[in-house]
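The values are calculated or read from the model by the stated rules, or taken from the named source; none is laboratory data. Remember, it's a predicted structure, so these values are computed and weren't measured experimentally. Note that each Cβ is placed from the backbone with ideal geometry, even for glycine, and that neighbours are counted across all protein chains shown. Each accessible area value is taken on the protein alone, full model and side chains, heavy atoms only, with ligands, DNA and RNA left out. Shrake-Rupley method; radii C 1.70, N 1.55, O 1.52, S 1.80 Å.
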Amino acid sequence: MQHNCLPMQLYIVAACWGVRQKCNPRLLEKDLEKACEGVMERAAEETVEKRTSVAVKGEAAIKPQFLTTKEKFHGFVDSEWRGPKGEKASDGDKVEETKATSVEEPDTKKLKLDPEEGNKSGKPDGKRIRGQNKSRPHTKPTAYDEKRLCPSVVQDNRECPFGDKCRFYHDVAEYLATKPADIGESCYLYDTFGKCGYGFSCRYAKVHTTPDFKTMVNAELIKANEGRTPVKNSLSKDLQIRLRKRSVTFEKSEEYLKILSDNKEKREQQGNGDTRAAELSADPTGGEQQASTEAEAQAGPDKQPPVKTVGPLTDVDVIKLRMCERKQVDFQDKLYLAPLTTCGNLPFRRVCKRFGADITCGEMAMCTNLLQGQQSEWALLKRHESEDVFGVQVEGCFPDTMTRCAELINGNIDVDFVDINSGCPIDLVYKKGGGCGLMTRTRKFEQIIKGMNYVLDVPLTVKIRTGVQEKCNIAHKLIPEMKKWDVSMITLHGRSKEQRYTKSADWDYINTCSKLASPVPLFGNGDILSYEDAMKARETGVSGIMIARGALIKPWIFTEIKERRHWDISSSERLDVLRDFSNFGLEHWGSDTRGVEKTRTFMLEWLSFMCRYIPVGLLERVPQKINERPPFYLGRNYLESLMASQHAGDWVRISEMLLGPVPTSFNFLPKHKANAYK
């Protein structure tokens, strides 16, 4: 520290400190510098203590005995870490491990200055940090398998159709010599179903294979699971081929699109005129009901009824009901797990169902990809047997593709409702006219909703935002129109597209919209992280609550809301939740190397949200708010501290406790980063 770098205030503070300590006030320059350094060090140590008395903007309030600094936190986590086998890693191993498992993370988002402070530097504002790491590295799980065992060998030693041209192993002994070591002592698939379909390629193969290269089965478990279909809605090979050849017929969709085309021609002929015929053709279902009613009136007691009947004639036989009225779903006062892209996969939904989620929905699927028969897109529609009320969410921007997609879903998979995503804020979707773009294209939106209602046998729901621009809400204008379009349920996210997560959800506006939507049920969504938040949300008059990030941060939120309590869940219980997820992931994605690494990737994406949770016992003020950044703190044990880390390398360590060591070329950077802190 040089003399010309020391501010005058530090000299005054140091001089006062010297007088208080009964030192010579005429200190030499070197002694003065030491005194100033002592004052600065003491001030740094007192910063943590002052956090408790003066709340830091945007940070959660934690009891002072648990607070620490970033350096001390990472020093403790690194020094106490023990590898997957329980052995304490050396300092050199830790450095190598960190480099191998996580790439350099972006800087923490800086706090926004108050408006009155302005831009003191005079420089133009930099680009605002968004909520995605768009340039993150992405390695496919298949890259971790140098050479795999041929599926013909895995599946009961069938003859390989490719013969000598096959690029996979056919010799089991040769494959086992190059295969990575087994992860654990028990195979979840074998223990649950009595047989593991991955055979020798399973990363737990020693449990269900013999030294003479034979696979074992548990006959009792196989018999107990006979006839059971845990997962539905898979894409059949036959349907995939027909979709790719465009040989699938969409009869109802063509009927509706012909009505739209005829209606357009009439409007062109009539100009701006509005006749009764045009009104009837504008609503296909209304026109059919009118025709059915007229036919019924013409059919007297001596005349033949308009339809052939067996047994007594009912109104349903004569009057065609709207498709969405045939099956009903009770949405009232339910807890709805939001359709979460990337993280809302089937294993995660199973975890949330165990904690009390009432309604679940698949991840957003693009209608064009579904119509093309893409296997990866159809995987988003899969439904587990535990999901008793399940829907799928589709995204599109044109009436023809959305109507055909709805008919395809209606005839080939088992769902309780279909949801239209008109709230997606991603530019890639919005610029094409989908997502939030539908809210500003009301005529297309109306045609999409009426067309999907025309072909569906299940209720049609819609998810929207408050609007597109930050200070221009339009949902209250759109909701009364959607009631006329026969929407069965509306979900409103209390933010606009431009806001993303930088502002709190507007529950006052959600309350206003819920009154406008009545009697159509309206679900509110935004900033629910505790049962107290849920109670306040229910006071607004909404029919139910949709929970998104709150479920990612703590999936036991559904239990807290139903039992009306704060759950001070222990770190070991949280690890058990992750263990359940890993087991469900191995069942869903497979227990071979490819499945293990895919499960690990999705677990790490989830941990990028779960690390924001602060245990109830550490909070000075309960409950935790969703927009408060967790400060650095040490938990009540090492595992609790490890789970609080915001560093991707520490999330990898947690995954290694459940899924074994990562491959040597493994690296990870989360898809999402926190953009919600004030």
What relative contact order, as a whole-number percentage, does region 333-376 give when Cα pairs under 8 Å and 6 or more residues apart are counted? 47 percent
Mind listing the long-range amide H neighbours of residue 62? Cut-off is under 5 Å, sequence gap 5 or more, other chains count too, H placed in the peptide plane at 1.01 Å from N. 620
Averaged per residue, the 1.4 Å probe accessible area of region 367-442, protein heavy atoms only, in Å², is roughly 33 Å²
Quote the accessible area belonging to residue 454 in square angstrom, nearest 10, computed with a 1.4 Å probe and with ligands, DNA and RNA left uncounted. 10 Å²
Potential extension, residue 572-residue 385 segment - 0.36 nm per residue separation minus Cα distance: 64.6 nm
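Tell me the relative contact order for region 497-631 as a rounded percent, counting alpha carbon contacts under 8 Å between residues six or more apart. Don't skip to the end; give the middle numbers.
Details: 137 pairs, mean separation 31.3, N = 135.
Relative contact order, region 497-631: 23 percent.
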The percentage of the accessible area of region 378-450 (probe 1.4 Å, all protein chains present) made up of carbon and sulfur atoms, to the nearest whole number, is 50 percent
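Checking the table 245/432; 431/471; 484/536; 266/450; 70/554 against a 28 Å threshold on Cα-Cα, which pairs fail? Please list the in-between numbers first.
Working: 245/432 26 Å; 431/471 20 Å; 484/536 30 Å; 266/450 19 Å; 70/554 24 Å.
Violating the 28 Å Cα-Cα cut-off are 484/536.
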Residue by residue through region 450-456, the couplings from Karplus 6.51 cos²θ - 1.76 cosθ + 1.60 with θ = phi - 60°, in Hz, x for Gly and Pro, are 5, x, 5, 4, 5, 9, 8
Which part of region 353-387 falls in the paramagnetic zone of residue 616, meaning amide N under 20 Å from the point 7 Å along Cα-to-beta-carbon? 353-358
Taking H as built 1.01 Å from N, whose amide H comes closer than 5 Å to the amide H of residue 491, not counting residues under 5 places away? 462, 463, 464, 523
Between residue 504 and residue 80, what FRET efficiency follows from the Cβ-Cβ distance if R0 is 56 Å, with the result rounded to 0.05? 0.90
Give me a comma-separated list of calculated 3J(HN,Hα) values for region 601-618, in order, Karplus coefficients 6.51, -1.76, 1.60 applied at θ = phi - 60°, integers in Hz, x for any Gly or Pro. 4, 5, 5, 5, 4, 5, 5, 5, 9, 5, 5, 6, 5, 10, x, 4, x, 9
Rounded to whole Hz, the Karplus (6.51, -1.76, 1.60) HN-Hα couplings of region 652-665, x for glycine and proline: 5, 4, 5, 5, 5, 5, 10, 10, x, x, 7, x, 5, 8
On the principal axes of its Cα set, how long, how wide and how thick is region 372-449? Give whole Å, largest value first. 38, 25, 23
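At a Förster radius of 51 Å, what calculated FRET efficiency corresponds to the Cβ-Cβ distance of residue 562 and residue 261, to the nearest 0.05? Write down the numbers at each step before the final one.
On the way: r = 50 Å, r/R0 = 0.98.
E between residue 562 and residue 261, to the nearest 0.05, is 0.55.
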